[in-house]
Each structure stands twice: as structure tokens, then as C-alpha cells.
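This report concerns only the one structure given below.
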Amino acid sequence: MDNSVGATSESNDSTSTAGAFENRELILVSNREPYVHERDDEEIRVVKPEGGLTSALDPMMASTGGTWVAWASGDADDEVSDENGCVRVPPDSPSYELKRVFLTDEQVTNYYYGYSNKVLWPLCHSDTAKMEPKAQFWRHYRETNRQFAEAIREQTNPSNAVIWFQDYHFALAPRYVREASPDAFCMQFWHIPWPSWDVFQSCPQYDELLDGLLANDLLGFHLDQYCRNFLDCVSRTLDAEVDRENGRIRYDGRTIRVAAFPLGIDAAERNALAQSTEADEQWESLRESYPLPEDGRIAVGVDRLDYTKGIEQRLAALEHLWEWYPEHREQLTYVQKASESRSRIEEYQQVQTNVKKKIEQINDRFETENWQPVVYVDDYLPLSALAALYREADVCLVSSLRDGMNLVAKEYVASQVDEPGVLVLSELVGAHEELGESALTVHPNDTESFAATIQQALAMEPSERSTRMETMRQQVESNDIDAWKRNVLRQANKILEQKDEAATA
Ligand code: F6P
């Protein structure tokens, strides 16, 4: 029996995302905005946030048009927006509207840092000991979700739109939209894992969260497993009919479709970048700025400094490798590209401190006159520099303790345009489902075997590396960001057609 939750992956066809929905405007809603306006003395700079979500969806919005509703996080956002908080973007060739939602510091503290990142983030990554379910976080999460729903209504009549919520910041907003506009079409993509019921139950607001999400018509997750967990949570909590086989829920007189859409990257862009002269120049400049080896081998890790990424576990495995396989001393250099994230949260400060301490300790232990074992890069790197780093790395280490998908694994594969390297991949990341057979699998908490797997990667014959990498490259290319968008939009259009037919019957 095919136990996948609904079939969503169809072969590529020419369906483009331009003019995504007949007669309906697309309203995309995310917490992060795609362009941030920052004041720099007399000037205003436009900054593009580093996150995968915004960079993946901006080109789609540029081609479909519509409105993107997001938190105004830049200190000059209000100066460049009109009286409705709107500004046309992309700045170089404006093609869609960015509507900014202005939040107070108290809201940012309680809705973003609080409920989103101290409750839902650890909950969905099954790390319930880190949850801080304070009442004021929940109050502000509710209030802010309501504010976003109002911002959508200010912008459009939801009955004539497709409202596409992104991620865990908006579990309640679909319900608030539907309360005011019962015939709205809402859909949501949840970019992080959905945990099993026994974990999800740790959250005191579990039933309200599920009720909010079931105000959507379509709900997407990266993996079938997350869909199954979600359906299980609904069946145990709400008075709903759950059809697990077809990923359908009947609730409150409506049908909600739940399906898996594994997120991809712009593989063609990454591939081209890795072959560009810009990448060559960036590589030269990285070599001038950092103690990178002339000859030896390079392993790379690229992460937001988040406790879910397993960076400390990875460093422990590397330390074990240099201890037990001394032939890799002076031969293997590990480059850790790190970006600060959510630094107002203590656990994130702790990760920053621990990672730096561990790196210092490893370097003190093994460093020689000609070799620094771990090179830490926390400067901003343009995409072409990142492409060069991925291209030159013999091994990429992805060791998350839990990760919805992990696009770094896919970026590494798409950037392997020279001598193929090896992907070492934690079995606990979403991407393992697509790439696990050709990557080398590790369990991040099994330090000795993790170290032995790095050793195996470094010893792998070129022909085996090449076969494995070729399979992964095909996988990443055919399941790229365009395929993801096509699949989501096709599914949404199918539901819309069925709804229209039912309304006219
Ligand atoms: O993985 C979930 C996610 O929301 C990504 O989509 C995004 O790139 C990342 O977290 C960054 O989070 P934040 O917006 O909190 O910096």
C-alpha cells in the first residue's frame, strides 16, 4: 500500500506560476519581509534577509504580482512606505506590493521571540525542555495574528484572493480571516517539522493551534511524516473526520487538504553561480582573508547559529577524527560559516558561546605552525562566495538534531560543479528522505561513528563520489523550487475548481 499522504509530486510540465490564480489576487503572508529598509546615516539601504523562505518566494512574487504582507523589521521601513504601509518591490524593477505590518517592541518580544521562537520552535523540533509557554507570549501571538488578518483585509477582499500563509508565526491568522470572510481561500506552508502527538500535547494551546490551522483549505508540510503527525494530532484532539490515506480532514463543515511538498532550491542558479568568474574571484579573496589550506582537504558546515543544527555535536566528531585518525591533522581543515540568529534568546546566545569556545579548544589542541584545524567565518558572504566555498569543499557536514528540510544540503549538491565531494547527512533532517541513499548518513549524537563516517567520506574513491553526487544532483535539479511552487499552486487550483463547481451546482 502506498502510505504517502496524498499525491502531490507530478512530472514537470509547462505550468508556470505567472498569473497563479484565475480571477484571484495572490496575498502572501510571512513574518520576515523580502526587503528591509535600514537607515545608514544619511542614506537608506535595502537589505535582503539571508533566510531561504524570502529568497525562494521573492522571484515567484515578482512574476505573479500581488501583495506580500510581512513584519516591518527595518528601522527605515516607515520612511519609504506609504500611509498604508505599502511599498513597491523589488526596488530595481518593482512588480509587486510589499505591505508592512508595524509591531511594537512588546509584540516583537512576545509574539516573535516569545511564542514563535520559545514555544512553537522548540515544540516542533521536539525539544520541549526548551519551551517557555508564558501566558503573555500567547496573548501577543493571538493579538499579532489578528493584526495580520486585519492588514490582509485592509489590502484586499479575502473572498477574491488566495491568501498564502508561510510558517509557524501564523497558526491563528487563517481562522481570523475566515471569521470575517467565510468564503476566503486560505493555504499555509509549515516550514518546520510537525511533531508526534505525545510531543505536541506538551503545548497548552494545542487545540486552538489546530483549530486555527484548519481554517486553511490546503495545508502543506515538507514530508509525509509531518503530515501523518498532524493528522494524528487532529484526530486525537478535535471533533473531526480524518482520512489519513487521502490527507483530508472534514471539520466544521469544511474539507481541508493536507499534503507533502518537499521544498527545493533554485538549483540552476546555484549551479551557474558555482561556475562563475565571480565565484573564482570570491574564492581568491576568501583565501586572502582566512587561513585556508593551499593543498589539503576542506570540510564545510553552513548554519544559522541555532541549537537544532547540531554544530557542537559536529565539532565533537571532528575533534574525535583528529584525535583518532591523526593522518588528517594538517590535511583536513573544517570551515564553519555561521550566521547569528535570534540573539535575544538565551539559548541562542549559549550556542554562540559554546561553538566559539569549542572551536578555540580544538584549535588550541591541534593547531600547528602551518595549519588551523577550524576556520570560523561569521562575516556576511555574498552568494557567489558561498558557492565557491561549497564548490571547493571535499565534504559537507549537515548534522541537525531535527530539521524540517535543510536547504544547505541541497545547496552543496547544486554547487558541486568540479571534482565531486561527499555529503555527510544527519538522518534527522527532512532532506535525508530525498538524499539519504547517496549521502553518507550519520547520527549526530553518535560521535565515534560520525567521525568514522567523515573518515569514510575522505577516503572514498573518485568513481563512487561521482556516482553518488550525480544521483543527488539529478534529485536536487528535478525537485527544485519551481517544481515545489508548481505542485503547491496546482493543488490549490484543483481545490479552487472543486469549490467553484460545488458553489455553482
Ligand atoms: O526554518 C524556518 C525559518 O523560518 C526559515 O524559513 C528561515 O530562513 C529561518 O527560519 C530564519 O528565521 P528568522 O526569520 O527567525 O530569522
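Quick rundown of the values:
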quantity	calculated
Restricting the stretch 143-158 to residues that are in contact with a Lys or Arg (Cβ under 9 Å, 6 or more places away or on another chain) and open to solvent by 30 Å² or more (accessible area, probe 1.4 Å), the residue that is nearest to the ligand (Cβ to nearest atom)	Gln155
Test: Asp105 is among the acidic types (Asp, Glu), open to solvent by 10 Å² or more (accessible area, probe 1.4 Å) and farther than 16 Å from Trp138 by Cα	no
Residue tally, condition away from the ligand (no atom under 16 Å from the Cβ), over 18 Å from Val398 (Cα atoms) and hydrophobic (A, V, I, L, M, F, W, C), over the stretch 331-363	1
Pair list, Cβ under 8 Å, 6 or more apart: the stretch 152-177 residue under 15 Å from Asn216 (Cα atoms), other residue within 14 Å of the ligand (Cβ to nearest atom) and small (Gly, Ala, Ser)	Phe165/Ser30; Gln166/Ser30; Asp167/Ser30; Tyr168/Ser116; His169/Ser30; His169/Ser116
Test: residue in the stretch 167-175 that is within 16 Å of the ligand (Cβ to nearest atom), closer than 25 Å to Glu433 by Cα, open to solvent by less than 30 Å² (accessible area, probe 1.4 Å) and in a loop (DSSP other than H, G, I, E, B)	yes
Residue tally, condition modelled with pLDDT of 90 or more and either surrounded by 15 or more Cβ atoms within 10 Å (Cβ to Cβ) or away from the ligand (no atom under 16 Å from the Cβ) (or both), over the stretch 11-40	16
Subset of the stretch 320-349 (residues that are buried (at least 17 other Cβ atoms within 10 Å of the Cβ), among the hydroxyl-bearing types (Ser, Thr, Tyr) and either outside any helix (DSSP H, G or I) or without any contact (Cβ under 8 Å) to a residue 40 or more places away in the chain (or both))	Tyr325, Thr333, Tyr334, Ser341
Among residues of the stretch 63-84, those that are under 20 Å from the mean Cα position of the chain (by Cα) and at pLDDT below 95, counted	0
Which numbered condition Lys358 misses (of (1) of a type outside the set (Phe, Trp, Tyr); (2) surrounded by 17 or more Cβ atoms within 10 Å (Cβ to Cβ); (3) under 14 Å from Gln455 (Cα atoms))	(3)
Members of the stretch 199-210 that are touching a residue at least 40 places away in the same chain (Cβ under 8 Å) and either open to solvent by 10 Å² or more (accessible area, probe 1.4 Å) or of a type in the set (D, E, K, R) (or both)	Val199, Ser202, Pro204, Gln205
So Glu323, is it within 15 Å of Val375 (Cβ to Cβ) and more than 31 Å from the chain's Cα centre (by Cα)	no
Residue in the stretch 383-402 that is modelled with pLDDT under 95 and either in the same structural domain as Trp283 (by TED's automatic domain parsing) or of a type outside the set (A, V, I, L, M) (or both) present	yes
Neighbours by Cβ (under 6 Å, 6+ apart or cross-chain): first from the stretch 90-113, more than 22 Å from Ser343 (Cα to Cα); second among the charged types (D, E, K, R)	Pro94/Arg88; Arg100/Asp77
Elements of type helices (runs of 4 or more DSSP H) contained in the stretch 425-505, each with 2 or more residues being over 30 Å from Glu323 (Cα atoms) and open to solvent by less than 40 Å² (accessible area, probe 1.4 Å)	462-478, 481-504
Strands (runs of 3 or more DSSP E) contained entirely in the stretch 54-127, each with at least 2 residues that are more than 16 Å from the ligand (Cβ to nearest atom)	86-89, 96-101
Unique residue being among the aliphatic types (A, V, I, L, M), touching a Leu at 6+ places or on another chain (Cβ under 9 Å) and not assigned by TED's automatic domain parsing to the domain that holds Met405 when the list is Ala279, Ala259	Ala259
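Yes/no per residue for (1) open to solvent by less than 10 Å² (accessible area, probe 1.4 Å); (2) part of a helix (DSSP H, G or I); (3) aliphatic (A, V, I, L, M):
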position: Leu231; (1), (2), (3): yes, yes, yes
position: Arg236; (1), (2), (3): no, yes, no
position: Asp239; (1), (2), (3): no, no, no
position: Ala259; (1), (2), (3): yes, no, yes
position: Arg270; (1), (2), (3): no, yes, no
position: Arg287; (1), (2), (3): no, yes, no
position: Gly301; (1), (2), (3): yes, no, no
position: Glu312; (1), (2), (3): no, yes, no
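The values are calculated or read from the model by the stated rules, or taken from the named source; none is laboratory data. From a predicted model like this one, the values you see are computed outputs, not experimental measurements. Reconstructed Cβ throughout: ideal geometry from the backbone, glycine too, with neighbour counts over all protein chains shown. For the accessible areas, the whole protein counts, side chains as well, though only heavy atoms, and no ligand, DNA or RNA atoms are used. Shrake-Rupley method; radii C 1.70, N 1.55, O 1.52, S 1.80 Å.
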